[in-house]
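Trainee: Sending over a structure as structure tokens; questions will come in a sec.
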Amino acid sequence: MKKTSVCIIGAGIGGLTAGVLLTKKGYKVEIFEKESLIGGRALSLDMSSFTFESYKDLLNKFNIHIPFSEPSVRTLFEKKMLDGYHLDLGYHLIGGGIINKFRETLSIPKGEIEIFKSRLYEQKNGDYGYFVTGLDKLKMLPNILRLFFASEKTMKILDVTPLKDTIDKYGKGKMKEVLEVNSRLITTVNNLNLISSGEFLRTQKDMGLKGVRYPKDGLLFFSKKFSDFIIKNGGKINLDSHISKINIENKKATSVKLDGKDHFFDIIVSNMLVQNIFKYADEKHFPKEYVKNIKSLDGSGSLCAYYSFKKLDSDLLGKTFVFQERNTGLDGDDVAGMIDFMISSPEAVVSPPSEYLVQSYVICTPEEAKDKNSLIKLRNILDKNLEKIIPDFKSKLNWSFYPAIWHLDGVAKTINNEKPEIVTPIENFYLIGDCVKAPGIGVNCAINSARILADYL
């Protein structure tokens, strides 16, 4: 009996997860990736293998530039100061709940994946401790339960309720700060008037209340595991394969064009940025309102920072700090971010022996990620909050540089953005990734969308 053939466009986390799950269900899977690397944005790069030019070219493909660097990025490469470092394309930590989904997808025993874990810390008044203490949790428990276990009817109301209104109703004491910070970090949006209360709560539940995680060898570890499974079980992954067109006939997706030749499939799945789908699929085949909505969708942005140190206080290793900077004059006025020392631990193997890597990020809009004056403000915020933890940190640096990203999450989880469903108006054509209607953001959303698709098909 002939297997149902599936074409997946894009070998990011969503495409690879879908590839594994559909292979398990008996589909004949073939993935086409326009880049020479799997993983999409969830890349962990061996910087020793890049030149200044090749690294810059890669960043351009992912809507990233580096506005600040000490010394210059060119000097970092010329003097081989990045050799031995493994850097992500941006700041990457994941919620505790998603680790179980990785394991379930590949049926991996718990001990086979080495995961670094951290509760969230904060630095205040010259000292640091847990962002949420046990006592805080007890005080907040009634409101946490009320929000987290709301009925679906209530959740649908919360979906169109700005987070600012929810905070005004439930945010007392520490609960107010937790809602402000967590909602911003989870949605990667600072403006509380734009964040959907329902989307935030659904995502928080999906991620689990377990702090943050980072896998040894980076997120590319999962992409490689997924890729190996697909190939071992008869699937194909084609790199450097740029699909130029999705062919649609009579409201039905039939084939994709590659190098001038049509390749026919029973099912076509797009893991690309949804705002780009009409570059490949003629919009005349879609309802006008659908096209209008897709074209109106906005992403989210951030300014990240990588700091290299010769020495760090051992008490900092393995910890992750959150911060919220007030009255910035940026969108949302208050902005949130994180500073991570999990990857500073020698066991993480992301930096050369006897050197320590710290990563951080602060949330911004895509427009702010491109604006010089906004970026200066954001850099000062990152440096200021790191200096609270490591006084006079600049005198202790080997180097630092700051990637600015204006498509951190493909579609931001805001009230103004109506993410499209996985099922499109075109027969046999589906959407997955971090741009569609699925719980979570980024990696979480991409994996969840693939799971929803596999359950649907």
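The values are calculated or read from the model by the stated rules, or taken from the named source; none is laboratory data. Keep in mind the model is a prediction, meaning the values are calculated, not measured. Cβ atoms come from the backbone with ideal geometry, glycine included; neighbour counts cover every protein chain shown.
Trainee: Please enumerate the residues belonging to the stretch 435-457 that are more than 23 Å from Arg184 (Cβ to Cβ) and among the aliphatic types (A, V, I, L, M).
Mentor: Ala450, Ile452, Leu453, Ala454, Leu457
Trainee: Any residue that is part of a loop (DSSP other than H, G, I, E, B), outside the structural domain of Pro67 (by TED's automatic domain parsing) and closer than 15 Å to Val189 by Cβ - is there at least one of those in the stretch 421-434?
Mentor: For the stretch 421-434, residues part of a loop (DSSP other than H, G, I, E, B), outside the structural domain of Pro67 (by TED's automatic domain parsing) and closer than 15 Å to Val189 by Cβ: present.
Trainee: Follow-up question, since we're still on this one. Within the stretch 361-371, restricting attention to residues that are outside any loop (DSSP other than H, G, I, E, B) and of a type in the set (D, E, K, R), which residue is surrounded by the fewest Cβ atoms within 10 Å (Cβ to Cβ)?
Mentor: Lys370
Trainee: Also: Grab the strands (runs of 3 or more DSSP E) fully contained in the stretch 241-360, keeping just those with 3 or more residues being hydrophobic (A, V, I, L, M, F, W, C) and surrounded by 19 or more Cβ atoms within 10 Å (Cβ to Cβ).
Mentor: Qualifying strands (runs of 3 or more DSSP E): 267-270, 301-309, 320-330, 333-340.
Trainee: Taking Asn416 as meeting all but one of (1) in a strand (DSSP E or B); (2) over 19 Å from the mean Cα position of the chain (by Cα), write down the number of the exception.
Mentor: Among (1) in a strand (DSSP E or B); (2) over 19 Å from the mean Cα position of the chain (by Cα), the lone unmet condition for Asn416 is (1).
Trainee: Does at least one position in the stretch 38-53 carry a residue that is part of a loop (DSSP other than H, G, I, E, B), more than 15 Å from the chain's Cα centre (by Cα), in the same structural domain as Gly433 (by TED's automatic domain parsing) and not basic (Lys, Arg)?
Mentor: Yes: the stretch 38-53 contains one or more residues that are part of a loop (DSSP other than H, G, I, E, B), more than 15 Å from the chain's Cα centre (by Cα), in the same structural domain as Gly433 (by TED's automatic domain parsing) and not basic (Lys, Arg).
Trainee: Additional query: Under 6 Å between Cβ atoms, at least 6 apart or on separate chains: pull out the pairs that start in the stretch 17-37 with a residue that is assigned to a helix (DSSP H, G or I) and end on any residue that is among the aromatic types (Phe, Trp, Tyr).
Mentor: Sorted first by the residue in the stretch 17-37, then by its partner, the pairs are Val20/Phe226; Val20/Phe229.
Trainee: Next question, about the same structure. Does Gly198 count as more than 24 Å from Thr4 (Cα to Cα), surrounded by 20 or more Cβ atoms within 10 Å (Cβ to Cβ) and in the same structural domain as Lys153 (by TED's automatic domain parsing)?
Mentor: Yes, satisfied.
Trainee: Taking the stated definitions as given, is Ser118 at negative phi and free of Cβ contacts under 8 Å to residues at least 12 places away in the same chain?
Mentor: no
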